[in-house]
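Shown next, in structure tokens, is the structure this report addresses.
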Amino acid sequence: MKSLLTGVVMLMAAPAIAEIHEVEMYSRSENGSMIFEPQYLKIEPGDSVRFLPIQPGHNVQTIGSMTPEGAEKFRSKINEDYTVTFDVSGHYGIKCTPHYAMGMVMLIEVSDAEEIVLPDDLPGKARERFEAILGGLPQ
């Protein structure tokens, strides 16, 4: 009985297992053109995101002005299946470098981040897409 109780206590104290989320990159899908699917993810610190270029010509990169302080910026190669682990809480603006001006962006929220303020230097279509993403989030 004592070993069963010890096992239950150890399971309760064990940290949550990190998840791997998948994001697909498309030139065109039923949801639009130059798009990440999903366009928004809410994850926990320690979770990873695997970016999959379903159609060719895409990469993934953090937007410098939309990366939390203390978080590492990243950039994949074109057509590369790329996985990154998010350890710092906050909002991460993500772009496809060649299609950034065309609005190919997404938002990743790690933990319960504070309200996001979009930077002034976003290209017009990227700003429009971020505003649409933010407008669709529960308040």
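Data overview
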{"read-out": "Subset tally (residues that are crowded, with 20+ Cβ neighbours inside 10 Å and without any contact (Cβ under 8 Å) to a residue 60 or more places away in the chain) for the stretch 35-58", "value": "4"}
{"read-out": "Candidates Val117, Val84 - the one that is of a type outside the set (D, E, K, R), without any contact (Cβ under 8 Å) to a residue 12 or more places away in the chain and either more than 20 Å from Leu137 (Cβ to Cβ) or assigned to a loop (DSSP other than H, G, I, E, B) (or both)", "value": "Val117"}
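Every number here is computed from the coordinates shown, using simple stated rules; none is lab data. Quantities reported herein were computed from a predicted structural model and do not represent experimental measurements. A quick note on method: Cβ atoms are made from the backbone with ideal geometry, for glycine too, and the neighbour counts reach across all protein chains shown.
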